[in-house]
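In what follows, a structure is listed as structure tokens, so that the remarks can point back to it.
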Amino acid sequence: MSHLTVRIWRGADEGEFQDFSVPMRENQTVLDVVSEVQRTQDQSLSYRFACRVGVCGSCAMMVNGKPRWTCRTHIRSLKSSVVTIAPLRNMPRIKDLVTDMSGFIDKWGKAGNVFESQRDRGDAPALVDPSSPMRKVADAAIECINCGVCHAACDVVSWNDAYLGPAALNRAWSLVNDERHSGKKETMMAAMGDGGCGNCHSQGNCMAACPIGLSPTRSIAGLKKMSLMSLLGGSDA
Amino acid sequence: MPNPMFEMRLYLLQRLTAILMLPMVIGHLATIMYATRSELTAASILERTQSSPWLVVFYTGFVILVSIHAPLGLRKIMGEWLRVSPKLANRISVLLFLGFLGLGLRGVWALTGGTMS
């Protein structure tokens, strides 16, 4: 049976790659390989996963330099006999393949991600027309599950610590297009503030890397357009 | 920053200047072709361009737009690629603005008949 060489990051921000050899199988994902190393070769290897089927987003890692969901990445598709696996980029490393995602999550808050409503339980449910232009735009952005892949793919995030990043701004975009959201002005102010949408270079790495094909690039472009229009219109949001 | 919209206003300013400069760059390229048709010396170029008040107006506007646009772009590059602190990047950008404006308007002055010495 032929073998696959797996280079796995060990340590935290300081550390090094350690080579492992695992049997090449007919069907195996990168997550299968990491699990096999942990179970059969080094039980001290730390990594995250939960669902194994591309629902939860917790197994995201850098695979051969690209952020991927390891459970949805087949070794075969990499077309390489050496696979390099590292923790997600642009996040502090805790141990081995585990990153500290708190800064990433905090940025969601800074981008005004909290839904506000003026309605209460006595009100009838809001009637949102699924074919309305605003709802279509929100729907296009709303399936994000916070896996952090786009954040790891973004060069602007790596250059500018204050930049809120594609995931947080994508969330802001889905909120300002939600007609039930009563805090649109606050969300818009946050999304166009210092670390906001104006920092995006429209390189599209987030869009290329998103495992479910969302386009934070388009969402951020929408925020830019909206914020420029509001500034030109004389108000701040 | 005292105003949370400071960055966004600069962003807007840079985009607006870019939009205005786009046709002017084409006009500038056309002027270069016209001005350097034959001899490539300051005297011969000025001979062709100095008589036009339209060019003075055109280049005054162009110089002002460039002086705003370019330092804003360089300011971002300084921050993102060279890791210059925001405060220092702001100061350098203001100096660049004044430098571009001074040098540019000095050139425009030559178009009006002022000497280039």
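The values are calculated or read from the model by the stated rules, or taken from the named source; none is laboratory data. Keep in mind that what you see is a predicted model, and the values were worked out from it rather than measured. Every residue, glycine among them, receives a Cβ derived from its backbone with ideal geometry; neighbour counts consider all protein chains shown.
Under the condition of being surrounded by 20 or more Cβ atoms within 10 Å (Cβ to Cβ) and part of a helix (DSSP H, G or I), the residues counted in region A:132-155 number 7. Inside region A:40-83, residues that are assigned to a loop (DSSP other than H, G, I, E, B), among the basic types (Lys, Arg) and touching a residue at least 40 places away in the same chain (Cβ under 8 Å) make up a count of 1. Within region A:40-62, being farther than 14 Å from residue A:8 by Cα, over 12 Å from the mean Cα position of the chain (by Cα) and among the polar types (S, T, N, Q) holds for one residue alone: A:40. Quick check on region A:156-175: of everything there that is surrounded by fewer than 23 Cβ atoms within 10 Å (Cβ to Cβ) and in contact with a Gly (Cβ under 9 Å, 6 or more places away or on another chain), which residue is nearest to the other protein chains (Cβ to nearest Cβ)? Per the criteria, the residue is A:159. Select, from B:114, B:61, B:27, B:79, the only residue that is farther than 30 Å from residue A:225 by Cα and either modelled with pLDDT of 85 or more or not in a helix (DSSP H, G or I) (or both). From the options B:114, B:61, B:27, B:79, the qualifying one is B:114. Looking only at region A:197-231, residues that are away from every other protein chain (no Cβ under 14 Å) and either modelled with pLDDT under 95 or not in a loop (DSSP other than H, G, I, E, B) (or both) come to 10 in all. Among the candidates A:178, A:194, A:120, A:129, the residue that is within 14 Å of another protein chain (Cβ to nearest Cβ) and either of a type outside the set (Lys, Arg) or part of a helix (DSSP H, G or I) (or both) is uniquely A:194. In summary, residue A:102 fulfils each of the numbered conditions (1) loosely packed, with under 12 Cβ neighbours inside 10 Å; (2) on the phi > 0 side of the Ramachandran plot; (3) of a type outside the set (Phe, Trp, Tyr) with the single exception of condition (2).
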